[in-house]
Structures are given as C-alpha cells and as structure tokens.
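Since the structure comes first, as structure tokens, the remarks are kept for the end.
What follows draws every value from the coordinates through simple rules; no lab data is involved. What you see is a predicted model; the values in this text were computed from it and never measured. All Cβ positions, glycine included, derive from the backbone under ideal geometry; neighbour counts span all protein chains shown.
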Amino acid sequence: MDSVNKARETQLANIQNKTGKNLDQVRTIISESGLTKHGEIRQMLIDKLGLGFGDATQLVHFAQNSDGQSAAEAAGLSMPEILIEIYSDAKIGLKPIHEKLIAEMDKFGTYTATPKKGYISYRQKRQFAMIGPGTKGRLEIGLNMKGLEGTDRLLLQTNNLMCQYKVFISNMDEIDAELINWLQVA
C-alpha cells in the first residue's frame with residue numbers, strides 16, 4: 001500500500017474515533033440527509049459531526065467513491081495525461097503555468113503529486129499546496145501554511161479550509177521569488 005492510501009486509511013480511522021461513528025453509519029447519515037451535492041454534504045458533516053473541512057471532505061469522497069485520485073488510477077492516467085484532462089478547453093492556456101510551477105517545486109526535493117477532481121494536491125509529510133484552474137482564467141494555488149499576514153496577493157482564507165491561503169496567477173511572470181518562497185514555506 002502506498003503512503004497516500006495508508007494516510008487515507010489512517011484519516012478514516014481517526015474520523016471514526018473522533019465521531020464514534022463507523023463508516024456505514026456515516027454513509028447512512030449522508031443517505032438520510034437527502035443531500036447530493038459534495039459541498040452541501042461536507043457542510044452537513046462539519047455541522048452534525050463537528051469535523052474539520054479536510055475530514056468532512058474525505059468522508060464525502062469515501063461515501064461517494066468520488067475522489068479524483070481513484071478516478072485517475074482507475075483510468076490508468078499518467079500525470080501528463082491528468083494535466084491534459086484538468087486543463088482542457090478554455091483552461092488550456094493555464095497548463096504551461098502549472099508545469100512551470102512544477103519545475104520550480106522540483107527544486108525543493110521529493111514530494112508526491114496526487115490528482116483530485118479538478119486540481120493536483122502536492123504533499124511531503126502533509127499537503128503543502130493545491131494547484132488547479134480557478135475562475136476568471138487564473139491558476140489557483142492553495143497554500144497550507146500558518147502565521148503569515150494576508151496581502152492583496154496572498155489571500156488569507158477563513159472557514160476552516162484545507163489551505164489557509166490562496167494565490168491566483170494568470171501568467172508566467174507571476175511565478176516570482178515571492179511565490180516560490182511561499183511554496184517553500186508551505
């Protein structure tokens with residue numbers, strides 16, 4: 001079993017310990033809620049079970065067998081093929097920007113790239129960044145770090161999200177020393 005699958009199993013076991021509910025009971029709670037949209041189910045689990053954003057998201061994916069990693073694995077897609085899928089149609093212009101960010105992150109050392117639905121999660125011991133197409137023709141970079149002041153560029157997130165900061169970029173020139181430093185800190 002690879003480290004990502006082991007981490008997923010550990011997280012699910014920890015969720016069961018926190019909530020006192022087994023995974024079948026959680027599936028029943030979701031089914032009985034009548035909710036079908038990922039975000040609505042996640043919020044219901046946060047409210048009803050007192051879970052954080054990441055744990056609730058993991059439960060929704062588990063209950064619906066919907067995480068992007070499993071879909072990519074089932075389809076047998078390589079990372080270049082996954083990037084083509086994520087950056088199709090109107091988003092195609094963002095793919096070279098994402099690839100340049102990957103080239104910069106490769107200088108940091110070893111990390112794992114895990115496809116999700118619509119973005120890629122980057123992990124070392126924990127997830128440090130999420131990168132994928134955002135709105136308005138921009139690349140969205142989620143950064144998992146703490147203790148920095150938000151700025152006009154480094155947008156502080158609230159609501160107990162997986163990443164505490166977001167940065168949006170739309171061209172290669174915005175991959176500068178400041179952004180690279182934030183990725184290293186994360």
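Using the rule -39500 (n - 2.57) for each DSSP H run of four or more residues, divided by the residues of the chain, the 222 nm mean residue ellipticity is -14500 deg cm²/dmol. When only alpha carbons of region 3-66 are considered, Rg and Dmax amount to 10.8, 34 Å. Ranked by how many other Cβ atoms sit within 10 Å of their own Cβ, fewest first, the residues Y111, Y122, Y87 fall in the order Y111, Y87, Y122. Positive end of the dipole of the chain (Cβ unit charges, origin at the Cα centre): among M79, A63, S170, the Cα lying farthest that way belongs to A63. Evaluated with a Cβ-only charge set (Lys, Arg +1; Asp, Glu -1), the chain carries a dipole of roughly 440 debye about its Cα centre, given to the nearest 20. Across the cross-link table entries K48/K91; K117/K146; K107/K136; K37/K107; K6/K116, which are compared at the Cα atoms, the separations over 27 Å belong to K48/K91; K107/K136; K37/K107. Neighbour counts of C-beta atoms inside 10 Å place T10, T28 in the sequence T10, T28, starting with the fewest.
Put simply, the amide H of G134, placed in the peptide plane, has neighbours under 5 Å in L139, E140, leaving out anything fewer than 5 places away on its chain. Near L154, once Lys and Arg are set to +1 and Asp and Glu to -1 for all other residues with Cβ below 11 Å from its Cβ, the sum equals -1.
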